[in-house]
Amino acid sequence: MTGGSLEPGTVLGVLGGGQLGAMFAAAADRLGYRVAVWDPDAAAPAHRLAQHAFAASFSDPVTLEQFSKIVGAVTFEWENVPAELCGRLEKAHPVRPSGAVLRIIQDRIEQKRFLQSHHLPVPRFASVESADQLPAHVRTLGLPAICKTATTGYDGKGQWSLREPSDIASVQQALAAGSQRGTRWILETWLAFERELSVLVARGSDGDCRVYPVAENRHEQGILRLTQVPASVSVAVATQAADLARRAVEALNGVGVFCVELFQMRGGELLINEIAPRPHNSGHYTLDACSVSQFEQQVRTLCGLPLGEVRLASPAAMVNLLGEDIRRVSDDPGCRELLSKSGAKLHTYGKREIRPGRKMGHVTFLADRVDIAADLAAQLMKRLA
Ligand code: ADP
Ligand code: MG
């Protein structure tokens, strides 16, 4: 330890080996740390960048022993890793964010209750403990509504929208069919929001807290498609979004990088949709548009280094490359032309298997004005469509 920080060369453990883990590993490498990745999938992108790759089940006791022996600190790259495993690793190492934070966040019901108890605004919701409770909760909340599995959902997976009374029976059936012992769901009022926003927050163990500029997101079928930053919102809305995000992370006493997703209603009201206890897809622009990326902040918060600046050096727009987009972006002449423009930056994650909707890479456009960056992004999305 030097001044309370982990020495370069220390092995940083990361649970989960997707693209977020890979970008964390790249940032750790640049700061002189080594990385151990634990992900059951041997083809997970982060294994390629890790000095130590553990491709075993998260419940494997031998891997737990080996992993624990070599790491000096642990983080995770998605919230669906077992909180119990974090709890065990926590007995021997700093785990950031903590297992306690993970427990609150990985259950959508617990998370919303937590936010509510801290007077942070969330959409109206109900906890659905069994499929046959659905009709009663829909009667109370009203339609339209959206039902989500309480745990393990991502990219819009495990979600059902209910628009009309006739949807109730079919969704109830779907819940019953997918139900295992202890499965719960959250039913939320479906909001006709004006726009979706997200705010990245880095918070150190000393309580220092840095908030990146508010970003604006567009989702398609529950999957992030486009992020542009700065968001086209008033200073008052941006200030309020930043304030809510900071308050949420402070309420959690979270240490690490967090992303707070928000809905902005017509009239400006803001509601928190969810919190990710890790770097976020909507924060990928920080790799190119900020001098310190969200992944570098994750390394810094884990290692006890001072947090870096969060200033936006350039407006940016980021387009996700989903599924077959990854082929098209390099095959289509129009896409190739856009990629060769000044300010265009291509990132690909090295995933071999292409699946519809799978995040394969992203393109960030930097420009002097956000509308110029957004226009380049729109042109790319049109070519990809
Ligand atoms: P996840 O990102 O974990 O898959 P989210 O709860 O963020 O789950 O849902 C994904 C997307 O679905 C959101 O970004 C938003 O576009 C839409 N969505 C989720 N909840 C609501 C809601 N209550 N009202 C309207 N749209 C919603
Ligand atoms: Mg989300």
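The values are calculated or read from the model by the stated rules, or taken from the named source; none is laboratory data. Note that the structure is a prediction, hence the values are computed from the model and not measured. Cβ sites come from the backbone with ideal geometry, for glycine too, and all protein chains shown count toward neighbours. Surface accessibility is based on the protein's heavy atoms, side chains included, excluding ligands, DNA and RNA. Shrake-Rupley method; radii C 1.70, N 1.55, O 1.52, S 1.80 Å.
Worth a mention:
- Residue that is nearest to ligand 1 (Cβ to nearest atom) [pool: residues in the range 153-169 that are surrounded by fewer than 15 Cβ atoms within 10 Å (Cβ to Cβ) and more than 26 Å from R358 (Cβ to Cβ)]: R163
- The residue list T189, T183 contains one member that is among the β-branched types (V, I, T) and at pLDDT 95 or above, which is T189.
- Among the residues making up the range 175-194, those that are more than 9 Å from ligand 1 (Cβ to nearest atom), open to solvent by 50 Å² or more (accessible area, probe 1.4 Å) and either touching a residue at least 60 places away in the same chain (Cβ under 8 Å) or closer than 23 Å to E77 by Cβ (or both) are R184, E194.
For (1) part of a strand (DSSP E or B); (2) more than 16 Å from ligand 2 (Cβ to nearest atom); (3) aromatic (F, W, Y), each residue gets a yes or a no:
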residue: L244; (1), (2), (3): no, no, no
residue: R247; (1), (2), (3): no, yes, no
residue: G254; (1), (2), (3): no, yes, no
residue: L262; (1), (2), (3): yes, no, no
residue: L287; (1), (2), (3): no, yes, no
residue: L302; (1), (2), (3): no, yes, no
residue: P306; (1), (2), (3): no, yes, no
residue: S330; (1), (2), (3): no, yes, no
residue: S342; (1), (2), (3): no, yes, no
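- Single residue of the range 305-346 satisfying the filter (hydrophobic (A, V, I, L, M, F, W, C) and in contact with a Gly (Cβ under 8 Å, 6 or more places away or on another chain)) that is most open to solvent (accessible area, probe 1.4 Å): L346
- Selected residue [of a type in the set (K, R) and within 16 Å of ligand 1 (Cβ to nearest atom)] from R218, R210: R218
- The number of residues in the range 135-152 being within 16 Å of ligand 1 (Cβ to nearest atom) and either closer than 13 Å to Q172 by Cβ or of a type in the set (A, V, I, L, M, F, W, C) (or both) comes to 8.
- On inspection, L302 fails the criterion of being out of contact with any Asp or Glu (no Cβ under 9 Å at 6 or more places or on another chain), of a type in the set (A, V, I, L, M) and open to solvent by 10 Å² or more (accessible area, probe 1.4 Å).
- Residues of the range 246-297 classified as within 23 Å of F24 (Cα to Cα), within 16 Å of ligand 1 (Cβ to nearest atom) and open to solvent by less than 10 Å² (accessible area, probe 1.4 Å), total: 10
- Residue satisfying condition, being away from ligand 1 (no atom under 12 Å from the Cβ), modelled with pLDDT of 95 or more and in contact with a helix residue (DSSP H, G or I) (Cβ under 9 Å, 6 or more places away or on another chain), within set Q172, Q116, Q111: Q172
- A Cβ distance below 6 Å, combined with a sequence gap of six or more or placement on separate chains, defines the contacts here; from the range 215-240, residues that are assigned to a helix (DSSP H, G or I) reach residues that are open to solvent by less than 30 Å² (accessible area, probe 1.4 Å) in the pairs V237/G268; A238/V214; Q240/L270.
- Residue check, V199 within 15 Å of ligand 1 (Cβ to nearest atom), touching a helix residue (DSSP H, G or I) at 6+ places or on another chain (Cβ under 8 Å) and either in a strand (DSSP E or B) or open to solvent by 30 Å² or more (accessible area, probe 1.4 Å) (or both): yes
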